[in-house]
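The values are calculated or read from the model by the stated rules, or taken from the named source; none is laboratory data. Being a predicted model, the structure only gives us computed values, none of them experimental. A quick note on method: Cβ atoms are made from the backbone with ideal geometry, for glycine too, and the neighbour counts reach across all protein chains shown.
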Amino acid sequence: MLTELYFRTVALFYALYIRFVYWSSTIETKGRKALSEKGGQEKFLFVFWHGESYCLYPLLKDRKAYALVTSDSRGNYIAPLCRYFGYSPIRLPDRRQKGNSFHLLRKAMKSVDGDLLLSLDGPTGPYHSPKEFPFVLAMYLRYRMIPISMDMQRKIRLGRRWDRFTIPLPFNRIVFTFHDPFTVSKVDLEEDFSFLKEKVRSEMELHQEELNP
């Protein structure tokens with residue numbers, strides 16, 4: 001009980017800080033057209049880099065969404081943080097743990113009616129190396145994928161972490177770009193999603209270079 005209270009308290013501190021950052025900063029979003037298509041009823045799989053996940057929590061809080069979170073101890077902080085922003089966490093084992101993540105997710109998805117949030121290169125890296133799981137998931141669920149890029153003027157980057165975790169500073173300018181949605185098919189599976197992986201990675205990294213010429 002005390003351990004759970006500790007995780008919730010830490011998550012609350014993180015939530016209050018990122019709320020203050022958003023309140024004190026200029027937040028810009030680009031490329032949101034697809035979100036209003038089909039009367040706003042379509043559900044998407046939003047993907048992003050693991051190191052930028054902290055900055056994204058308030059961004060989609062007005063949409064009904066489920067966040068995929070590792071079931072190991074790292075997820076004990078992330079799950080309550082998701083709940084503070086209205087996301088429902090789905091705890092799944094990563095590859096280092098025993099268990100079939102896809103089978104567990106398939107069971108959980110029976111009662112899910114909303115968007116999904118998932119890091120492309122998480123939960124353990126390597127840095128900016130897209131995993132196959134998000135593409136398999138999008139193909140199985142028939143959700144279109146929307147990559148989200150971000151950049152900001154003032155930040156702290158934890159260079160010793162594999163994901164170069166980004167902490168935004170207050171009184172900032174933060175820019176989010178929703179890239180064009182795309183569909184994942186069985187044809188992509190036949191080539192291990194290699195084309196889509198490279199396309200998504202290059203588009204997201206090119207966007208950051210354009211913001212930081």
Filter result (crowded, with 19+ Cβ neighbours inside 10 Å and not in a helix (DSSP H, G or I)) within region 167-189: 168, 174, 176, 177, 178, 179, 181, 184
When residue 192 is evaluated against the numbered criteria (1) out of contact with any Lys or Arg (no Cβ under 9 Å at 6 or more places or on another chain); (2) surrounded by 13 or more Cβ atoms within 10 Å (Cβ to Cβ); (3) at positive phi, which criterion, by number, is the only one it fails? (2)
Identify all residues within region 42-98 that are aliphatic (A, V, I, L, M), over 27 Å from residue 159 (Cα atoms) and either surrounded by fewer than 20 Cβ atoms within 10 Å (Cβ to Cβ) or touching a residue at least 60 places away in the same chain (Cβ under 8 Å) (or both); write none if there are none. 45
Which count do you get for residues in region 168-209 that are under 22 Å from residue 43 (Cβ atoms) and hydroxyl-bearing (Ser, Thr, Tyr)? 3
Which residue out of 129, 119, 149, 111 is at pLDDT 90 or above, surrounded by fewer than 19 Cβ atoms within 10 Å (Cβ to Cβ) and of a type in the set (Gly, Ala, Ser)? 129
Quickly run through region 90-104 and pick out the residues that are at pLDDT below 70 and among the aliphatic types (A, V, I, L, M). 104
Given (1) farther than 26 Å from residue 157 by Cα; (2) outside any helix (DSSP H, G or I); (3) among the hydrophobic types (A, V, I, L, M, F, W, C), where does residue 35 come up short, assuming only one miss? (2)
Failed item, numbered, when residue 206 is tested on (1) outside any helix (DSSP H, G or I); (2) free of Cβ contacts under 8 Å to residues at least 40 places away in the same chain; (3) surrounded by fewer than 13 Cβ atoms within 10 Å (Cβ to Cβ): (1)
